[in-house]
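Down below is the structure, laid out as structure tokens.
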Amino acid sequence: MFRLRNCILPHLLFSSRRSSSCITPLHRLLSGSAATTASNPFTVADYLVARCGLSREQVLKASKIKRILDLRSPSKPDVVLAFLAGLDISGTDLTTVIANDPRLLCTDVGKTLSLRVAELRSLGLSSHQVGQVVIAAQIRFRSPSFLRNFEFWLGLFGSFDELLRFVKMNGNLLSVNLEKFAMPNLALLQRCGMEISDIPNTFLSRILVRSTEHLQETLARVSEFGIQQGSWVFPFAFMRFAILNREKLDSNIQLFEKLGWSRDDIASAVRKAPNILSLTPERVHKKLDFLMGVVGLQMAVIVYRPVLLLHSVERRLLPRYYLMKFLKNRGLMSSSLSFLTIASMGNDNLLDKLVHPHEMSVPGLAAAYASSCAGKHQWELLDDMTKGKRKRKC
């Protein structure tokens with residue numbers, strides 16, 4: 001995995017071309033330069049707004065940087081902007097790049113930017129791809145560790161597109177200390193029986209840059225809940241705990257304790273649905289209010305079925321509750337079919353068993369349920385329609 005020089009280049013999709021074609025001729029670089037005259041003196045703030053598209057708030061933030069304040073003419077930043085345009089960076093992307101890294105305008109194109117671009121081009125990247133890297137990497141593009149990190153992750157993820165997806169999620173991959181964090185973290189994941197392909201990207205991009213000590217603490221916390229390595233729930237618990245700090249986990253544990261859950265209750269629930277420890281207090285209380293206050297479930301039932309707390313009230317629980325009431329009131333569903341069963345059904349299974357069989361007798365049932373899942377409840381309208389249809393028959 002780590003023999004980057006031997007494994008990266010054969011997998012690149014683009015032929016290696018060390019080229020300076022991304023640097024346009026000097027007369028083209030300077031063609032858009034704003035002239036500085038006695039009647040139109042150069043000001044950094046006006047330049048950032050007019051030439052870079054920054055907002056006044058972004059200008060205020062950039063104006064705190066000494067190197068930006070020291071600019072006395074548009075000559076150097078104009079060359080930088082033209083250079084970036086040669087990498088297919090323009091419009092809103094250009095504004096984003098400069099807003100995130102105003103110091104880039106002060107960078108020497110010949111000594112720094114062109115060399116960095118040439119390094120990436122030597123790996124087989126096109127000018128457009130280099131531009132995408134600049135946009136995603138932001139300030140890290142100028143980091144001394146940038147190229148080494150880029151090569152490392154390119155070898156690990158196997159393709160430019162895959163690496164770019166990860167960098168967009170967490171640009172710190174391009175500046176993290178590989179020996180101190182990335183490599184030990186990868187080794188720890190492997191010792192726990194997890195491959196990077198098994199971990200969702202949003203979690204992996206954050207786990208790889210956390211301190212190894214934090215991941216070791218995560219393993220200990222997972223073990224405290226009786227979750228064993230090799231079990232189906234272990235990767236889910238590890239991923240969730242790894243992106244939370246200890247204070248957040250302790251706070252959420254205390255939340256459930258205040259609700260009357262014992263430590264054994266919490267441990268049992270976490271083994272079934274570890275994501276409950278990432279819920280905010282507001283979301284927990286909202287779902288309990290619905291499940292206990294509206295549906296009428298007991299807390300013991302929710303402890304036994306903690307996955308209920310992970311479902312959206314608006315998009316899942318409430319529409320299914322309304323569907324259940326509607327069908328039971330009309331004798332179209334067995335009274336023995338509980339809300340717990342309905343809430344846990346897959347969507348296709350629910351439609352096949354509770355919606356499609358009644359579409360002939362209850363026209364509009366499927367549409368009402370779909371609208372309810374989208375947050376627009378039309379059950380009263382459907383109820384009135386079916387009642388009116390019965391009266392006409394009578």
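One table, with the values for the structure above:
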item	result
Within the accessible area of the chain (1.4 Å probe), percent carbon and sulfur	53 percent
Cα-projected label distance for ILE65 with GLN378, points at 7 Å along beta-carbon direction, nm	5.3 nm
Accessible surface, per residue, of the chain when the full set of protein chains is kept, probe 1.4 Å, Å²	52 Å²
Alpha carbon convex hull of the chain, projected area averaged over orientations, nm²	28.6 nm²
Cα centroid separation - region 289-309 against region 53-115, whole Å	55 Å
Whether region 207-252 is rounded, prolate or oblate, judged on the alpha carbon gyration tensor where a/c under 1.5 counts as rounded	oblate
Compactness of region 317-391 - radius of gyration and Dmax, Cα, Å	11.6, 36
For region 82-93, 3J(HN,Hα) per residue [Karplus equation, 6.51 cos²θ - 1.76 cosθ + 1.60, θ = phi - 60°, Hz, x = Gly/Pro]	5, 4, 5, 4, x, 9, 6, 9, 7, x, 5, 5
Loop-exposed GluC sites (Glu not before Pro) per DSSP, neighbour cap 16 Cβ within 10 angstrom, longest uninterrupted part of the chain	1-194
Residue with peak Gaussian network fluctuation, the chain [Cα springs, cutoff 10 Å], from ALA118, ALA137, ALA374	ALA374
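The values are calculated or read from the model by the stated rules, or taken from the named source; none is laboratory data. Quick caveat, the model's predicted, so the values are computed rather than measured. Here the Cβ is made from the backbone with ideal geometry for all residues, glycine too, and neighbour counts use every protein chain on show. Surface accessibility is based on the protein's heavy atoms, side chains included, excluding ligands, DNA and RNA. Shrake-Rupley method; radii C 1.70, N 1.55, O 1.52, S 1.80 Å.
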